[in-house]
Each structure stands twice: as C-alpha cells, then as structure tokens.
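J.: I'd like to ask you about the structure that follows.
The values are calculated or read from the model by the stated rules, or taken from the named source; none is laboratory data. Just so we're clear, the structure is a prediction, and the values are computed from it rather than from any experiment. As a convention, Cβ positions derive from the backbone with ideal geometry for all residues, glycine included, and neighbour counts pool all protein chains shown.
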Amino acid sequence: MNAEEDENRYLSDSPIENVDEDEFRHQEYVDTLERMVEDADPPWNIGVFGEWGSGKTSIIRMLYSRLRDAETDYVCVEFDAWKHAEESIRTDLLLNLDQAIGNRTGQTDEEGSDAVLGEDKITRKLYDIEEEQRGEDLSAWEEAERIITESPLVGGTTLLILGIIIVGAMVNLLNIVGLVEIADPTISSINSILSAFLFPLFVSVFIFMAGEVRQATTALRRKHPRKEWSGAYEQLFDDILEETDADKVLISIDNLDRCESDTVYDVLVSLKTFLQSEDCIYIVPCDDQALQSHIESIDTEGDYFEVQLNEREFLRKFFQTHIRIPDFIDEDIEEYAKSQNQELAEPFDDAVLDVITKAYVRNPRRINQSLNRLTTLRILSEQMEEANHLTNGRLTDNLDFLAKIMVLEEDYPSFYRELQDDPRLLEDVNDYFRGDLPDGDRKDRTEKLLGNGEEGLESETELERFLRSTLRCTVDNPKPFLQLGEPSFASALSDRDALIQNLRTNQEDEVREELQTVKLDNQPFTPYLAAIDTTLDDYTREGREGPLFSTINTLVAVFDELGEEGQENVAGVLGAYLVLDQVRDFYTDFDPEEFFPVVLNIPDPDQKMVFERFAATVATDGELRENVLEVFVENAEDVPRTAAKSLCSSLLNLGNSELEGALDTLSRGEESKKLVTPKLLERAATFVTWDGRRNRFNETEHYKQFDSQAQPRGRQYFVEELLNLESDVDNENEGQYYNQLRQELSQLEGQVTLDTGSRLFRELKQRVSSSGQDVHMVKVAINFYESYDAGTREDFGDWVADLLSRWNQRNTQQIINHASNQEVDILDDKQAVESVLDRVPEPLSNANWVAETLIPAIPEEYDDQLFEMVKRLTEDNDHTQNLMAAQIFSEYPDRFEEVQDPVLECCQRRISSANTNQTKTYLRAEAAAYNRLEDPDKEGFIKRLDSLLSGDRNDHQAFEDIWNQIEGKIEPDRKMTVARNLRSQLRSELSGNPQHNRLFPLVDVFSSLVQTGHVDEDDGEWVVERLSDTFEGSNLNNNHVSTLIDKLAEFPEYYGKEEQTLTRLESLIGNNNNNRIHQSAKNLIDALEKTGEIDGK
C-alpha cells in the first residue's frame, strides 16, 4: 500500500475552515454571523446553538477565515474552554488575548513570543510567584556530573582544563623525583606557569557554571492567587486591548458546555461583567440546553438567582442574539457519508454505509468516528483471517453485520451485554419483529430489552428503530463478531485439536489432566470455553450427533473438575445446545448424578427446558429409572416447579407396582414431597380400597404420606375416593365405615376444592342427622369450612345453629370450642347467637366457659343479645345466675358498660348473703368498673373490701386478690385509709398467736402501700416494729419466719426502726441455725444497709 493510501486510511475529525469544504450548507450561517459582527455595537454576546457534532466550531472557523481573508480590521481570538478547564480559564483567556493582540501589533515579550504584556507579567500580577528548586543539595562529584549532563560543551571544556592541569602537575612531580628529566628548562617553566594560571581559571569556571546550571534547573511556579479578583483581571484586560487599534475584537469561547457547572457559570459572569469591553464581541458556540442544565445544577438552593430571574432568563439576558443550527436532513447525512467514505483508502460498500447512516442519521461527527472504528475492526479481522484463526471471509465478507455489532456495542451497551451472553438474541428480535416469536420468557425478555433502554424513552425507541431498520442484516453465527474471539482464543490454546479430540473421544482422564494444568498454571479458562463453544456449534450445524454427544457427555463427566466460575461458564455454553431438538435423545445416556449439577448451573431461560427434559427421563418405555428419581429427590429443593410437573407426568406412565416404589422414594423428605403434583396424587388415591372383612380402609398411606405438602386439588382426589368407597360397604357395616371415614378425614392437614367440599358437607350432615349427636362428625365438618362455597357455608351455618339449640351442654361446648380453635365463626348470625344465649344458664351453666369461650366467640354486632342475657341473669335472687353476670362483666367491663348499673346493683345487693368466693366475684365486678364509679360508690366499695379484713383466711386472701386488681385505680387518700385499716387488723392478728395464712396476705398489701408511699409514718413504724417482734417467740415455724423476713425485705423504708430490726435479726440468727432463715436474714440486712440508716460493718 502506498503512502497516500496509508495517509487516508482514517478520516480527520478537525473542523473545516473554508466554505469550499462545507457539505451541509453552513455558508448561510457564516454570512449571517458576518453581518451580525459588522452591525453589532460592542459589547455584544452572540450564541451559536446546536447539538454536539452539528458543525458549530466549523462555522466559527469559516467565519474567522473569511474575515482574515477579507483583511478586515478585526482581531479574531479562538479559545477552547474545555482544553483549559484544569487551569484558571480567565487567566488563560487573558493569555490567549494577549498573544493575539501581540501578533497583530507586532509586539513580543522577553522570550520573543507574540505578546502585549507577556505571560510573566500577567501571572506575576495575578499570582504570588516563588522559586522552586528541583532536586536536593548535591555533593561535589554529583554537582560535576549534573554540569556534564545539563551542559556537555561547558562540562567538556572544564574537564579539558582540568586534564591539562593534572598532566602538568604530574610532569613536574616526576621531574622533581628524577623519574623524568626535562632537558629544556624553558618547557619546564612554561608548564609551571600554565599550571598556576589554569588552576584558578578552572575553579572560577566550575563555580560559575555550577551556578548557571543550578539556576537553569530552578522552576518558577504559581503558588497561589494573589489578586484573583475582578479588578485585577479587568485592568489587565483593558491594558491588553489598549494596544490594538482594531475596530473590533472577536473572541469565540468554544466547548464551554463541556466544562464543570461552576466553571460555566464563572465564565459567563466574567464575560458579562469585568471582561466586557466596547471593542469586544463574544461568540459562544454551545448546546444551550446543556448550558441551561449547568446553570440549574449550581442553583439548586436558589442562591444565584432571584425568583423572577430563572436560569433560562439568565441566558436570554446574557446573549443579545443567537442563531440555532438545525438538525441535518437524512439526504445530507447520506451524501456526507458517501463522500467521507470515498476519502478512505479502502472505501466500504453501500450495505455498510446503510447500517451506519441508519444509526447516526443526524450526526456527521459520529459518521466519521464510526467509519474510523470500522476501519480498525476490518484491519483486525483481516489479520485474524490471514493467521488462519478464522475462515477466510468469515468477518470481512460480512462487514455490514460487523458495523451493526459495532453500533450496538457503542450506543446500546446493555443490549450488547445481553447479546454477548446469548448470541441468539438477535434471532429472537428478528422473530419478534416478524411476529414469529411465541409467547413465553424469551418474548418477555425481548420486549423488556427493546422497551427499557439505558437512556430513557428516546434511546429505547432509537434501539428498536435501528434493529428494525437493519432486520435483514444478519449472519448464521454472530459469536465471532461479538468477540472477534474465536481466533484469539484458538491461538491461546496449547493444543486445540488435542483438546477437542479428547472431548470427542471421551478421554475423561486426559481432559481432567488438562483442566488441572490450567488451574495450577493460573491460565485463563476463556480460550478453552471459546474452543468448546465453537466446536459444539460446528457439530450442531453439520448434524454430527455422534461427536456432539461425546463432547457434551465428556464435559458433563469432568464438570466437577471445574471451579465455580468455570462451571458457570461451561453450563452456560452447554445450555444453548441442550435445548436443541437434535440432542433430546442424549438425556437418557447422561449419568444423572453428574448431569444434575450441570443443569443447576445452566442460566435461564435454557435451564427451564433442560430441567423439564431431564425430569421426563425418569420413566422410559414404562420402566422406572431409579437413579434419575434418586437424584431429583436428593436435590428436591433445587428442582423448579415446571421440572416437577415433567417428572410426575413421566411417572404416570408406570405400572402400579413401580409407581408405588416411586411414591415411597418421593416421600422421603418434606422437600421431595413438594415435587408431587395433583395428578400424581390422584393416581396415588386410586390405590385406596375398603376392606369389608376388617372394616377399614387399605392402602391409604400412598396418598397420606404426601398430605402435609398437598394442595386442595391434590387432596380432593383422596377425599373423593374415600366417599366413593361407601358404595362398597354393607348396610350393617355403615357405622364402621363412617367411623373410619371420620378418622381419615381428621388426620388430613388441609382443605379440598369447593366442589369436593360441598359434597363432603352433604355426606357429613346426612350422617349426623341419622346417627344422633355425633359431635366428632360435626368437628370434621368444621375442619373443612374453608372448602365450602357461599351456598354451602350458609347451609352449614343454619345446620350448626340448629344443633346448638338442641344438643346438650357437653356437645355444645365441644362444638363451639372446636370452632374457636379452628377460627371458624359459627356464631356469625343472629339465629345461631340467640339459639345459644337462650340456653344460658340452663343447660349452659358453666360460668367459666361462658365468660372465657362463648362471649369472645360472639361478634360485637350481637351485643344487644348479650346485654339482654346479662340483665336476665341479674334479675333473680339466684347466686348462680348473679355470679355468672358478675363474672362476665368483670372479664369485659368495657364491652358490657351498658349494663353496668344492673350488674353492680345486683352485686351490692347479693354480697351480704355471699360466701367468700362469691363475695370475691361480686367485688371483682365492682373493681372492674371502679374508674367509672361516683365517689359515694367508691367509698362503698372500699368499705365492702375492708369488710374482708375481719373475715377468715380465705377472706384475707380474697382481699389481697381484689387489691392487686384495683390498686392502680385507688386514689392516694383512700390508699392511706386502707393502710390505717390494715394496721388495725394486723394489731389483731399479731396480738395472739399469728396464723401465717391470715397474716401474709395483709403484709403483702401493706408492703405494696409502703412501696408506693401511701403509709403514714406512725403506721409504718408500728407495723415494722411489730413484725420484727414476731421473728422469735411466735408460733410461726422456721419456713413461715423466713417468708415473713423475705416480705419485710421488700419494704423500701423502715420508718426509723432499722437498728431495732437489725438487733432482732442478729438475735434470731444467733439462736437459729436454719439455713433458709440465715439466707432471708442476709437479704433483709442488705435491704437495711441500703437505707443508709445502719452501719454496714
């Protein structure tokens, strides 16, 4: 290829400067800009708006070229903001302007560069400058070495002088010692003179040159801004402009929209304020939308603009006028692409250009870039084919498809990554466009990819448009295009043919050895993977089933040799071939234990089909393949539902004997039970028979072993089979049949379908009607309530209501209890509620059951019926009924607030004739409503409560129980009264021989009052003193004394009786060796010490 062809292999991306080079009719915009510049009265800001690649920079270049050619009295300055974004843009703008004005006026700086003020003067005015030494202090030898390095000429001259001095000195020395004799004394004298003269000269030169070199290696740098304010810039700006006599100074600020947002705002403000001049016109080519976004991004808090001045208005006020470059039309782009293509040394054909222009129909810059990129890919493809890594022409004969892949990689990376993972994706897309892609996962994925692009709705539409427009641009095997990978990977294999041969001939040991070598040598596995994929693809396309099976089978056998990543990659490759029809028959020849891990690693959507095919091999030609079933059972938790369906469908082809064995295997674990489908359970249910001789069901275990995991549709078959077997039962054995049926149904763990549920209810209802009060059958009917449709549930409710109105208390309670446990609302209609409440208190006389079970089971919407029942219970002077009303009220005081008055009146009326337990129940009802009582009623309640203090031990215990219920509600003054009353009763209890079961409840209540601070000082002092007196000399045994001490230890204070209590404790433990008493005494001593009133020693 000649030099000219090499030069034109790639296209230039430089902006054009001559109108003659313009291919997009931009001349009109240049003309307009020229008129605007001529007519504008500076200061003036002109915007040239357009998208990236629309030709803005070219328009500015053409304008400047025209103005220069016309010899106008203008200074044209070009400034690339993005190129200077890392520095101070304002400073660099001044330097550019200084250079341009200096070029026009012929002025130069100290270094001879075009400049008015020069960089040194500008930077020194704007920044603090300091000298910075490069390097560290050096030795004399290192200094000499640097002189020679930095200045070879000076260093060489210095070394020459030094050499002359050394030689002369050596000659004189040898002459003195007599080793050399110089005959001519004149020569000796001259040598001495030269040595004496040259030595100081050498020293001076060396010192001078060292200084010069050191100075030359010293750098000046801007340390920090010293006068980085608008005034300094404005003064420098004016000083530079004063040096020109030009009519106008044009300054273009290019690529501003590519800078950081803060930089954009800073530059715009600078141009609008202190960099404005009556001589300057600023031209800003940019994407105005991007510019506005920059302004918006720095004004999120509204710090820059007032409410009435938004970002758009800011730009309008900045630019006095603007022109907008419109989008290119398709015809222009196509013509441009053709002309640029012809500029290449090796132009592409029209098919390639068609793909590129479809992708970049509005952007000529992208046209150039894509042609250059494709040129590179073509060179790489040619090299791969020339090296015989790829069939000749495999890539280079399909450059249009290579261009399509290039576009997808550059502009739609998410789609491209999916395509790399699944090269058949383009086939799915093409089938989708043609309407040939069936519903399913692949169609769903295709729609998602086409409608869910990375760059929003517009890019999504562009992706679909591009793929649809290039529908016919396709190849049979896109893999080499996606990787350019087959050649490079093949070349990386040490012996590709040997590997493939070993795979094809089932040389498992050799393949394992190769894989182990890869691991040990840390070789990349990717080349091997690509070779495997290519080989399988070739065998598939050539229809060579023998080597195809052998290769796959060997890979399955050595799968465990691969690492985690290798398994994932190999499974991904195998999955693409295992879904093909031509490999369907291979599955029965794979070792199930080896094959299952491969299937687990195959990615979706291929895994679904592979699993289904594999599962279907569990039964072939009517015979069970136990090894396949075993591996599915052992890995049941990893088996997808679709594969389980395929497994069970295949098992249905077995005979009864083999199916029974298969069912036993499937029942080994809870996870494997989940594999069984309703259809297989239907078959299992058919094994059930009725044994008329033994009056029982046989073969139920084939189904029941799966019931814990069965769904209603599977369970229905078993229930239906049980019901159908009634026809096989003799009349005299019907009772036995229903007993067995009840037992079988009671053991089931779930519901059935609505149809079966309705039939079951009818059978159960009929059985109960004919057998009397068979409560167990009713319980079974309740168990299956969720399986009844609306009509059946209504029938069930009426039936249960009737039973509750007739059956005895025991059966009624069982029914309601069971329904409550099963969370079935059998009391959800008025008829059922009234039928039950009418039977309270007879025969339903169990008050605890009524309060704890019946009442909660009745919905609040039937509270009126409950109120009537409670009022009825309070009307008669019958303690049984009155106590039931009191107990119900005390359990649910808020719910029964409406009947509070009749209930409490009944309690107050009946308490006088009540025993201790009855009194306790009546007082509990009053305590439950205490907060709602009037003060006189509260006083009456306290008196009735105090009356228990004068009773027996049961009354005292009842007093404590009621107090624990009511304590938090009692007012402080009433608590003080209770404490005083307790003191009086304790005086009585302690005056003789105290009884622990009468004493302790009172002490507990008094302790609670001490803890809440509601005990008078005198009362507290008296009680502590008297209780401590009881430690010794009373009739309390050791256990009772220990308990009393423990109760006293719970007191938070001892009302000045700490020392007395301690003394009596010491006496007690000195006279009593009981361990429990000693431990209790220790606890009380600790409590006394905490008060701080006794010495801890």
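J.: For the range 826-856, what are the residues that are of a type in the set (D, E, K, R), under 26 Å from F784 (Cβ atoms) and not in a helix (DSSP H, G or I)?
T.: If the condition is that a residue be of a type in the set (D, E, K, R), under 26 Å from F784 (Cβ atoms) and not in a helix (DSSP H, G or I), then D828, D829 are the ones that fit.
J.: Can you tell me which residues in the range 574-629 are farther than 21 Å from R641 by Cβ and under 38 Å from the mean Cα position of the chain (by Cα)?
T.: Hits for the range 574-629 are L574, A576, Y577, L580, E593, E594.
J.: So, in the range 1059-1097, of the ones that are at pLDDT 90 or above and of a type in the set (G, A, S), which residue ends up farthest from V1041 (Cα to Cα)? Talk me through it step by step, then tell me what you get.
T.: Residues of the range 1059-1097 that are at pLDDT 90 or above, as a first pass: 1059-1090.
Right, trim to of a type in the set (G, A, S) and you get 1067, 1070, 1080-1081, 1087.
Working: S1067: 13, G1070: 15, S1080: 9, A1081: 10, A1087: 17 Å.
Among those that are at pLDDT 90 or above and of a type in the set (G, A, S), it is A1087.
J.: Let me ask something else about it. Return the pair list, or none, for Cβ contacts closer than 9 Å from residues in the range 398-418 that are over 17 Å from V475 (Cβ atoms) to residues that are modelled with pLDDT of 90 or more and not in a helix (DSSP H, G or I), at least 6 apart or on different chains.
T.: Note: no pairs meet the criteria.
J.: Are there any helices (runs of 4 or more DSSP H) wholly within the range 341-425 with 1 or more residues that are over 30 Å from P603 (Cβ atoms), and if so which? Steps first, answer last, please.
T.: Values: elements: 350-359, 364-386, 399-411, 413-421.
In the range 341-425, the matching helices (runs of 4 or more DSSP H) lie at 350-359, 364-386, 399-411.
J.: Right, another one. Looking for something over 43 Å from the mean Cα position of the chain (by Cα) and among the aliphatic types (A, V, I, L, M) - is there at least one such residue anywhere in the range 694-716? Let's see the steps before the verdict.
T.: Kept after step one, since they are over 43 Å from the mean Cα position of the chain (by Cα), are these residues of the range 694-716: 694-702.
Restricting the remaining residues to those that are among the aliphatic types (A, V, I, L, M) gives none.
No, because not a single residue in the range 694-716 is over 43 Å from the mean Cα position of the chain (by Cα) and among the aliphatic types (A, V, I, L, M).
J.: State which residue pairs qualify: first residue assigned by TED's automatic domain parsing to the domain that holds D560 and inside the range 511-523, second residue among the β-branched types (V, I, T) and surrounded by 16 or more Cβ atoms within 10 Å (Cβ to Cβ) in any location, beta carbons under 8 Å apart, and separation of 6 or more residues or different chains.
T.: V511/T554; V511/V558; R512/V558; L515/V558
J.: Exactly one condition in (1) over 28 Å from W799 (Cβ atoms); (2) touching a residue at least 60 places away in the same chain (Cβ under 8 Å) is not met by P712; state its number.
T.: Of (1) over 28 Å from W799 (Cβ atoms); (2) touching a residue at least 60 places away in the same chain (Cβ under 8 Å), only one is false for P712: (1).
J.: Output the number of residues of the range 671-710 satisfying the condition of being in contact with a Ser or Thr (Cβ under 8 Å, 6 or more places away or on another chain) and under 14 Å from G750 (Cβ atoms).
T.: Matching residues across the range 671-710 total 2.
J.: Another one. Just to be sure I understand, how many residues within the range 899-913 are buried (at least 18 other Cβ atoms within 10 Å of the Cβ) and of a type in the set (D, E)?
T.: 0
J.: Now, a different point. Could you tell me how many of the residues in the range 914-934 are surrounded by fewer than 16 Cβ atoms within 10 Å (Cβ to Cβ) and either in contact (Cβ under 8 Å) with a residue 12 or more places away in the chain or closer than 19 Å to I858 by Cβ (or both)?
T.: The initial filter retains those residues of the range 914-934 that are surrounded by fewer than 16 Cβ atoms within 10 Å (Cβ to Cβ), namely 915, 917, 931-932, 934.
From what is left, the residues that are either in contact (Cβ under 8 Å) with a residue 12 or more places away in the chain or closer than 19 Å to I858 by Cβ (or both) are 917, 931-932.
Summing the residues that are surrounded by fewer than 16 Cβ atoms within 10 Å (Cβ to Cβ) and either in contact (Cβ under 8 Å) with a residue 12 or more places away in the chain or closer than 19 Å to I858 by Cβ (or both) in the range 914-934 gives 3.
J.: From the list V833, V840, V903, exactly one residue is closer than 22 Å to W807 by Cα and more than 54 Å from the chain's Cα centre (by Cα). Which is it?
T.: On the way: V833 fails: more than 54 Å from the chain's Cα centre (by Cα); V903 fails: closer than 22 Å to W807 by Cα.
Checking each option against the conditions leaves just V840.
J.: Say we look at the range 507-524 and pick out the residues that are at pLDDT below 85 and part of a loop (DSSP other than H, G, I, E, B); which of these is nearest to the chain's Cα centre (by Cα)?
T.: The extreme case among them is P524.
J.: Could I ask something else about it? Applying the selection to the range 965-988, what residues are touching a residue at least 12 places away in the same chain (Cβ under 8 Å) and within 17 Å of A925 (Cα to Cα)?
T.: Listed by number, the residues that qualify are Q965, I966, E967, K969, I970.
J.: Same structure again: Since K519 meets every condition but one in (1) farther than 22 Å from L425 by Cβ; (2) buried (at least 16 other Cβ atoms within 10 Å of the Cβ), which condition does it not meet?
T.: (2)
For every residue, the table says whether it meets (1) out of contact with any Phe, Trp or Tyr (no Cβ under 7 Å at 6 or more places or on another chain); (2) part of a helix (DSSP H, G or I); (3) surrounded by 15 or more Cβ atoms within 10 Å (Cβ to Cβ).
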position: R584; (1), (2), (3): yes, yes, no
position: E593; (1), (2), (3): yes, yes, no
position: D604; (1), (2), (3): yes, no, no
position: Q607; (1), (2), (3): yes, yes, yes
position: V610; (1), (2), (3): yes, yes, yes
position: A615; (1), (2), (3): no, yes, yes
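J.: Specify which of the listed residues (E989, E1025, E1059) is surrounded by fewer than 16 Cβ atoms within 10 Å (Cβ to Cβ), part of a helix (DSSP H, G or I) and either assigned by TED's automatic domain parsing to the domain that holds D1086 or hydrophobic (A, V, I, L, M, F, W, C) (or both). Outline the logic, then answer.
T.: On the way: E989 fails: surrounded by fewer than 16 Cβ atoms within 10 Å (Cβ to Cβ); E1025 fails: surrounded by fewer than 16 Cβ atoms within 10 Å (Cβ to Cβ).
Being surrounded by fewer than 16 Cβ atoms within 10 Å (Cβ to Cβ), part of a helix (DSSP H, G or I) and either assigned by TED's automatic domain parsing to the domain that holds D1086 or hydrophobic (A, V, I, L, M, F, W, C) (or both) holds for just one of E989, E1025, E1059, which is E1059.
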